[in-house]
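The values are calculated or read from the model by the stated rules, or taken from the named source; none is laboratory data. Keep in mind the model is a prediction, meaning the values are calculated, not measured. Note: ideal-geometry Cβ built from the backbone for every residue, glycine included; neighbour counts use all protein chains shown. We work out accessible area using only protein heavy atoms, side chains counted, and drop any ligands, DNA or RNA first. Shrake-Rupley method; radii C 1.70, N 1.55, O 1.52, S 1.80 Å.
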Amino acid sequence: MLYSDFYISPLGKITLLSDDKALLALCFSSNRYYDDFIPQNTLCNFNSEIINKVKFWLDLYFAHKNPSINDLPLNPNGTVFQKTVWNELKKIPYGKISTYGNISKNIQTILNKKFLSPQAVGQAISKNPISIIIPCHRVLNAKFQLTGYAGGLELKKKILDFEGILYKN
């Protein structure tokens, strides 16, 4: 069974999707993959234990309390490569940033590859179904400029500003 609910944040309305075991998606309606992440056959506004945990986590996050990602059961749907990239994103601390190139080098080492393009990493990052918690917004280009965000660059700016992260326009 799939469950969905909404969370009204300072940055806008967020849709949450879970099953009985884990959070599957957390996304803003502006996300270009919203319809892929949030299927229509869900029980809306259902009092799910997982969704309630996520709402509490979001309350802490939006109160600048820096809650731990490890406290949440997460199960984003993706390829092995995408999940490897998303696991690397989880290592970026609150208020800090990384670059597509740095993440590419880290994944290269994890997968024992000679080369992995930052563009491939960027594509995997763009398909992250659990934004904010899996912090894809904390990834910038090599010049620390804003580039792509599935929810739109304006939303990415708002999230980075909320976390106090400096970037170049």
List, please: which pairs have Cβ atoms under 8 Å, are six or more places apart or on different chains, and start with a residue in segment 55-74 that is free of Cβ contacts under 8 Å to residues at least 40 places away in the same chain and end with one that is of a type in the set (Phe, Trp, Tyr) and open to solvent by 30 Å² or more (accessible area, probe 1.4 Å)?
Asn66/Tyr94
Residue that is open to solvent by 20 Å² or more (accessible area, probe 1.4 Å), within 19 Å of Ser68 (Cα to Cα) and among the small types (Gly, Ala, Ser), where the choices are Gly95, Gly152, Gly101
Gly95
Only residues that are modelled with pLDDT of 95 or more and open to solvent by 50 Å² or more (accessible area, probe 1.4 Å): list them for segment 65-76, please.
Asn75
From the option list Leu2, Leu11, single residue qualifying as surrounded by fewer than 19 Cβ atoms within 10 Å (Cβ to Cβ) and in contact with a Lys or Arg (Cβ under 8 Å, 6 or more places away or on another chain) is Leu11
In this structure, does Ala22 turn out to be modelled with pLDDT of 95 or more, within 25 Å of Glu154 (Cα to Cα) and out of contact with any Ser or Thr (no Cβ under 9 Å at 6 or more places or on another chain)?
no
Neighbours by Cβ (under 6 Å, 6+ apart or cross-chain): first from segment 145-169, within 19 Å of Tyr34 (Cα to Cα) and assigned to a loop (DSSP other than H, G, I, E, B); second polar (S, T, N, Q) and at pLDDT below 85
Ala150/Asn31; Gly151/Ser30; Gly151/Asn31; Gly152/Ser30
As an exercise: evaluate Lys96 against (1) in contact with a Ser or Thr (Cβ under 7 Å, 6 or more places away or on another chain); (2) in contact (Cβ under 8 Å) with a residue 40 or more places away in the chain; (3) closer than 19 Å to Asp161 by Cβ and give the number of the one condition it does not meet.
(1)
Ala120 assigned to a helix (DSSP H, G or I) and of a type in the set (A, V, I, L, M)
yes
Scanning segment 67-94 residue by residue, those within 18 Å of Val139 (Cα to Cα) and in a helix (DSSP H, G or I) turn out to be Ile69, Phe81, Gln82, Lys83, Thr84, Val85, Trp86, Asn87, Glu88, Leu89
Quick check: is even one residue across segment 112-121 among the hydroxyl-bearing types (Ser, Thr, Tyr) and surrounded by 15 or more Cβ atoms within 10 Å (Cβ to Cβ)?
no
When every residue in segment 119-130 that is under 14 Å from Tyr33 (Cα atoms) and either at pLDDT 95 or above or not hydroxyl-bearing (Ser, Thr, Tyr) (or both) is compared, the one farthest from the chain's Cα centre (by Cα) is Gln123
Report whether or not Val54 is in a helix (DSSP H, G or I), aliphatic (A, V, I, L, M) and more than 16 Å from Lys21 (Cα to Cα).
no
